[in-house]
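Written below as structure tokens is the structure these notes are about.
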Amino acid sequence: MTDSFWRGYQYEEIDADGWSTYWRLDPRGQNLALHDWLGHDDKPGHRLWERAATPAGVRGIWSMTAAGVRLEVRAAQGIYGRIAPLDVMVNGVLHQRCVLEEGEQELVVPLPGTAVTVEIWLPQAGRIAIRGVEFDGEAEPVPVSGLRWITYGSSITQCSGAAGPSETWPALVARQHDWDLRCLGLSGECHLDPVVARTIRDTPARLISLCLGINIQGGATFSGRTLPGQVESFIATVRSGHPTTPI
């Protein structure tokens, strides 16, 4: 993961035009086609990896006296049914919910201009990239505080249909407890993939939650005979990097 004032992601990919994609799983060195075996002509592409490229739970937090913020967003619906908005919060209260359209757009959000804490939560649905965040005054990133919480699951955890990214249930819980959220909710793609187990294993955390089963049931991924062993293997991989972390 490269240095960034954004948090909650695994790898930042910057393209030739300066657009950043905040991957929640690291695509480098992966054979993405391994996870495309359920793809269809009307929904092409790598479903797991498109979910992983959506910045659910990714946010930036600043202490500032700036009177406004400007950022560029590139959004596309992709395999989603909608593009979620971008939320700007001031002192823990929703300040502005920015509706996004397909394509490149510039968002300009007025701020109080007094000493406040500002959070920007990136959309939890859609194909999203960010280029440039500028404040028209003093703004300093707030250091990460609170315990790191990793939560893995399906659409129930990604919450694509939530009103906004600051109101998904992982965001609400993390904000209430001042936890450092790492959301691995992957809509339709919670199938105990080894890459997810390795990601959790290799990511420092003080608390881990796993919501398993709904996509496995819906997709008949495993049988009653094979599921217990797959869960055991997944948790054993996680435990190899987190021998005492509560799960």
- Task: Please give, to one decimal in nm, the separation of the simple spin-label points placed at LEU147 and ARG198, each 7 Å out from Cα toward the Cβ.
- Result: 2.8
- Item | Accessible surface of the range 6-241, 1.4 Å probe, proportion on carbon and sulfur as whole % | 51
- Within the range 130-162, which residues have the backbone N less than 11 Å from the label spot 7 Å out from GLU72 along Cα→beta-carbon, could you tell me? 130-133
- For the chain, state the semi-axes of the equivalent ellipsoid (square roots of 5 times the eigenvalues of the alpha-carbon gyration tensor), sorted largest first and rounded to whole angstrom. 31, 21, 15
- Message: Order LEU184, LEU147 by their accessible area, 1.4 angstrom probe, all chains in place, largest first.
- Response: LEU147, LEU184
- Query: Expressed as cubic angstrom per residue, what is the convex hull volume of the alpha carbon set of the range 68-150?
  - Reply: 115
- Note on the structure: Over the range 6-241, with neighbouring protein chains present, the accessible area per residue in Å² at probe 1.4 Å is 45
- Task: Report ARG74's accessible area, 1.4 Å probe, all protein chains in place, as a number in Å² to the nearest 10.
- Result: 80
- Message: Using a 7 Å offset from the Cα along the Cα-to-Cβ direction at both THR117 and SER63, what is the distance between the two label points in nm, to one decimal?
- Response: 1.0
- Item | In nm, spacing of pseudo-spin labels at LEU34 and THR244 (7 Å Cα→C-beta vector) | 3.2
- Task: Would you mind giving the average projected area, over all directions, of the Cα convex hull of the range 160-247 in nm² with one decimal?
- Result: 6.2
- Item | Efficiency of FRET from Cβ geometry, SER4 and GLU232, R₀ 41 Å, rounded to 0.05 | 0.70
- Message: If you count only protein heavy atoms and use a 1.4 Å probe, how large is the accessible surface of THR21, to the nearest 10 Å²?
- Response: 20
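The values are calculated or read from the model by the stated rules, or taken from the named source; none is laboratory data. Just so you know, these numbers come straight off a predicted model, no measurement behind them. Please note: Cβ atoms are built from the backbone with ideal geometry, for glycine as well, and neighbour counts cover all protein chains shown. Accessible surface areas use protein heavy atoms only, side chains included; no ligands, DNA or RNA. Shrake-Rupley method; radii C 1.70, N 1.55, O 1.52, S 1.80 Å.
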